[in-house]
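Engineer: Pasting in a structure now, in structure tokens, and then I'll have a few things to ask.
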Amino acid sequence: MPDGIAVDYNGLIPNNVGLNDDARVRRALETWYPGYIDWWQQMGPEGFQDRLVYLRTAIGVGSEGWAKFGYVKMPEYRWGVLLAPAVENRTIGFGAHKGEPVWQEVPGEYRAMLRRLLVIQGDTEPASVEQQRYLGATAPSQYDMRNLFQVNVEEGRHLWAMVYLLQKYFGRDGREEAEELLRRRSGDRDSPRMLGAFNEATPDWLSFFMFTFFTDRDGKMQLAALAQSGFDPLSRTCRFMLTEEAHHMFVGETGVQRIVQRTCEAMRSAGIDDPTDVERVRALGVIDLPTLQRKANLHFSLTLDLFGNEISTNAANAFNAGLKGRYHEDRLTDDHTLTNSTYPVLRLRDGAIMREDVPALSALNMRLRDDFVDDANAGVTRWNRVLERAGLEFRLRLPHVAFNRRIGEFAAIHADTEGNLLTEAQWQARRDTMLPTSDDNRFVESLMRPVQAPGAFASWIAPPTRGIDNKPGDFEYVKIEA
């Protein structure tokens, strides 16, 4: 079995890391496995554990032909440990160890820092499954239901990826952390998930699409930064995870795009030219564009908080240690040490939001967040092409980064979507024009009625342009009848 290419499916845990020759780690993972299955059956998709779902499974990690498709019950999905192929003679590309050979074992002086990075990343993976566990019951089509379940099982596999690293490289500490990853619960008052956005509810499919567009895009940025790591097993793990993360963002971007398309079609058929004529648009059984904008405002702002404080010593230390780089670090053309570099950061100064140059090492969170905003804007541009083709002047856009923040430079102030500072009274007066209201949420919830017949779609979303695995439009992606 060539290292990093083929996947061994003969044992309990599919892998391409030679678990058969690593009895200690294999036993640790096999001991953890029953607890994982218990967690999945308790917190995974509600009501569909015994249904056959047309899912993809990795059979290799090369750039071509790595996935096969077939029906499987989700609790029987072959989760496992998959690393991208090793890069021969790879060296550390940044920080104080730049140019040194990458590490195959954890450097002792960075043990605690690396473990923390793995635990935080690992904690996000089961959290999203927990947030989305009830959505199958209101899926707008079999196509969308299947995509939800594919996202769920792959988030579960991403948990396996982090647990493997913890179990293999951190001994008893790693085993304890792996158990804690199964103990915490999204939104639980006593034992919540570690990051705020992963404790928020995902009550409807519009929220799901926004989550997979925005929050999974944060996942992409974080994984891309960790893929640069000088700890080679983490780099290889994240490089493969990125191939799966791309599908999650596709689900979100195309989901919102299909909602926009269906709204435009319904408005055109009804002769409605004004997108702000909300009552008439909603009467058509579609989601009005202002509500879409407010939902985007909410999910964008929640996701920005995941990047942490704009000025961060922890981020600087991880970079300097060679553990976590920048987005596309290997494509950047500076010195990759940043000891004499600066980076512009938005800060609150004398009652105004101002751009200030700070040491680049301290501003790594800000830089990664800026990369995220650029990446998200490209997707919003594609949504707006649908509006442009429909002849509407309305455009969706991202709010200012100071809007609705709970972490970082702007956590203590109020700002509107343009970045203008607001008093508490002004914020309360305008909040419902910028964030989803109770009325918005009730209306969206009223549309969440299941459509389970193959090839059929809810009134508020357009069909996709192409089926999964090029299947026909009426393909039965989920066998609803047991």
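The values are calculated or read from the model by the stated rules, or taken from the named source; none is laboratory data. Bear in mind that the values here come from a model prediction, so they are computed numbers and not experimental data. Using ideal geometry, Cβ is built from the backbone for each residue, glycine included, and neighbour counts are taken over all protein chains shown. Accessible surface areas use protein heavy atoms only, side chains included; no ligands, DNA or RNA. Shrake-Rupley method; radii C 1.70, N 1.55, O 1.52, S 1.80 Å.
Engineer: Put one equal scatterer on each alpha carbon of segment 192-344, apply the Debye formula with no solvent term, and list log10 I(q)/I(0) at q = 0.13, 0.15 1/Å to two decimals.
Structural biologist: Per q value, in the given order, log10 I(q)/I(0) is -0.74, -0.88.
Engineer: Report, to two decimal places, the Cα Rg of the chain normalised by 2.2 N^0.38 Å (N = number of residues).
Structural biologist: Ratio of Rg to 2.2 N^0.38 Å for the chain: 0.99.
Engineer: Please report, in whole Å³, the volume per residue of the convex hull around the C-alpha atoms of segment 349-482.
Structural biologist: Measuring per residue, one finds 216 Å³ for the Cα hull of segment 349-482.
Engineer: While we're on this one: With a cut-off of 17 Å, note down the residues of segment 113-156 whose backbone N falls inside the zone around a label point 7 Å from the Cα of residue 313 toward its beta carbon.
Structural biologist: 113-114
Engineer: From the helices alone, meaning DSSP H stretches of at least four residues, give me the mean residue ellipticity at 222 nm for the chain, per-run term -39500 (n - 2.57), in deg cm²/dmol to the nearest 500.
Structural biologist: So the helix-based figure for the chain works out to -15500 deg cm²/dmol.
Engineer: Consider all pairwise Cα distances in segment 67-128 and report the whole-number % of them above 16 Å.
Structural biologist: The share of Cα pairs beyond 16 Å in segment 67-128 comes to 70 percent.
Engineer: Lysines near residue 73 by alpha-carbon distance under 27 Å, same-chain residues fewer than 8 away left out - which ones?
Structural biologist: Answer for residue 73, where 27 Å is the Cα cut-off: 471, 479, listed by chain and number.
Engineer: Something else about it: Where the centre of each part is set by its Cα atoms, how far does segment 1-80 sit from segment 263-329, in angstrom?
Structural biologist: Rounded to whole Å, the Cα centres lie 32 Å apart.
Engineer: Under a crude label model (7 Å from the Cα following the beta-carbon direction), how far is residue 352 from residue 420 in nanometres?
Structural biologist: If labels sit at residue 352 and residue 420, their model points lie 1.6 nm apart.
Engineer: If the only charges are +1 at each Lys and Arg Cβ and -1 at each Asp and Glu Cβ, what is the size of the charge dipole of segment 1-92 around the Cα centre, to the nearest 20 debye?
Structural biologist: Rounded to the nearest 20 debye, it is 100 debye.
Engineer: Per q in 0.31 1/Å, what log10 I(q)/I(0) does a Debye calculation on the alpha-carbon atoms of segment 30-75 return?
Structural biologist: Per q value, in the given order, log10 I(q)/I(0) is -0.99.
Engineer: In debye to the nearest 20, how big a dipole does the chain give about its Cα centre with +1 on each Lys and Arg Cβ and -1 on each Asp and Glu Cβ?
Structural biologist: 380
Engineer: I would also like to ask the following. Projected area of segment 108-164, taken from the Cα convex hull and averaged over every viewing direction, in nm²?
Structural biologist: 4.1
Engineer: By Kyte-Doolittle mean hydropathy of at least -1.0 and Cα axial length of at least 15 Å, which whole DSSP H helices of the chain are selected?
Structural biologist: Helices meeting the span and hydropathy rule in the chain are 23-43, 111-131, 142-169, 205-226, 232-270, 289-304, 364-389.
Engineer: Calculate, for segment 250-374, the solvent-accessible area per residue in square angstrom, rolling a 1.4 angstrom probe over the heavy atoms of the protein chains.
Structural biologist: Value returned for segment 250-374: 42 Å² of accessible area per residue.
Engineer: Of 214, 451, 436, which is farthest along the charge dipole of the chain in the positive direction, counting Lys and Arg as +1 and Asp and Glu as -1 at C-beta?
Structural biologist: The Cα lying farthest towards the positive end belongs to 451.
Engineer: Between residue 73 and residue 441, what's the calculated FRET efficiency when r is the beta-carbon distance and R0 is 35 Å? Round to 0.05.
Structural biologist: Once rounded, the FRET efficiency stands at 0.60.
Engineer: For residue 81, list long-range residues whose amide hydrogen, built 1.01 Å from N in the peptide plane, is under 5 Å from its own amide hydrogen.
Structural biologist: Residues meeting the amide H criterion: 15, 16.
Engineer: Something else about it: Going by average Cβ density within 10 Å per residue, which order do the peptides 300-311, 379-390, 104-115 take, highest to lowest?
Structural biologist: So the order, starting with the most tightly packed, is 300-311, 379-390, 104-115.
Engineer: At 7 Å along the Cα-to-beta-carbon direction for both residue 87 and residue 183, put a label point, then send me their distance in nm to one decimal.
Structural biologist: Those two pseudo-labels are separated by 3.8 nm.
Engineer: With an 8 Å cut-off on Cα pairs and a minimum separation of 6 or more residues, tell me the relative contact order of the chain in percent.
Structural biologist: Relative contact order here is 18 percent.
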